[in-house]
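Read the figures in this text as sums done on the coordinates, not as results from a lab. The shown structure was predicted, so the numbers you read here are calculated from the model rather than taken from an experiment. Don't worry about glycine lacking a Cβ; one is built from the backbone with ideal geometry, like all the others, and counts go over all protein chains shown.
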Amino acid sequence: MGRLDGKVALITGAGGGIGRASALAFADEGAAVVAVDIDEPALAATVAAVEAAGGRAIAVIADVSNHADAEAMVAAAEDAFGSLDVLFNNAGIMHPDDGDAVDTSEEVWDRTMEINAKGVFLGCKYGIPALRRAGGGSIINTASFVARLGAATPQVAYTASKGAVLALTRELAVVHARENIRVNALSPGPLHTELLMKFLDTEDKKQRRLVHVPMGRFGKAAEMAKAALFLASDDSSYMTGTEFLVDGGITAAYVTPE
Ligand code: NAD
């Protein structure tokens, strides 16, 4: 028995990092996976990996910041598998030119907000009616530890966008609780995925971040997938409106051990 047997799970940002690891983990637990991304080759690789492991997945090319794409990705889930039970709004960017308030351009701010914050809103706008049709479900929104801490390497647009994800998550959870729809945020710590490694592009920047992590290492996408699986499944049936911090201890630390 898989923990997601009979469930249909839509995962955005499934072409890389957390999204790909979650597609594999969810399919391994019995879910039919709707893998969404803008990066077609990366998405094809995810679907191939799921199928090679004996799972079920389809690829849907969509930009989560575009309302027509968001509507179409949800329709694709219902068309292919008959319903939607789990919505994992995970796609996000960390723009290379995101910095402090003085240096960050309006364009970088807007694009970051469009994908990281509006993308979650649009996923919910079209996903919630589908979850209602299924009699309920679980929404997971990927936030970040940076929504709680000032970052050593500034990234104001990204940080603000993740704060928005947390606030949105709480409100949606309260509004939809009686509809059997749970909404939780997953807040990863710093991970060894393309997103962060492209941003922390020198050894010095990497070490500056690691200094704050009690475990002294970056997290892995597969470790986030396990947390997302818990939130997606009935194992977390009494959890809604919460933030699940999976961060190597970074938010608990003031002084890290030698
Ligand atoms: P990643 O870059 O490895 O994967 C993100 C995926 O999202 C990519 O495949 C990319 O093509 C896709 N994507 C980007 N813009 C999109 C759009 N507009 N529409 C659809 N897909 C789009 O990154 P990751 O580390 O797996 O990050 C996943 C989530 O986790 C993001 O929301 C990120 O902000 C968050 N997060 C990451 C870290 C970290 O350290 N890596 C820490 C905290 C939170």
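Cα-based values for the range 102-146, radius of gyration first and Dmax second, are 14.4, 47 Å.
Each peptide in 16-23, 250-257 receives the mean, over its residues, of other Cβ atoms within 10 Å, and ordering these scores from highest gives 16-23, 250-257. Charge dipole (Cα centre; +1 on Lys/Arg Cβ, -1 on Asp/Glu Cβ; no other charges) of the chain amounts to roughly 740 debye. On a per residue basis, the convex hull of the C-alpha atoms belonging to the range 98-201 measures out at 104 Å³. With a simple spin-label model that places each label point 7 Å from the Cα along the Cα-to-Cβ direction, the separation between Val175 and Tyr238 comes to 2.7 nm. Label positions at Asp103 and Ala44, each projected 7 Å from the Cα along the C-beta direction, are separated by 3.8 nm. Among 214-223, 97-106, 79-88, sorting by the average number of other beta carbon atoms lying within 10 angstrom of each residue, highest first, gives 79-88, 214-223, 97-106.
Each helix, a run of at least 4 DSSP H residues, gives -39500 (n - 2.57); summed and divided by the residues of the chain, these come to -13500 deg cm²/dmol at 222 nm. Once Rh for the chain is found with the Kirkwood sum over Cα pairs, what is the Stokes-Einstein diffusion coefficient at 4 °C and 1.567 mPa s, in µm²/s? The diffusion coefficient I find is 71 µm²/s.
Ratio of Rg to Rh for the range 1-96: 0.95 [Cα atoms; Kirkwood radius as inverse mean 1/r over pairs]. Taking all Cα pairs closer than 8 Å and separated by 6 or more residues, the relative contact order of the chain comes to 19 percent.
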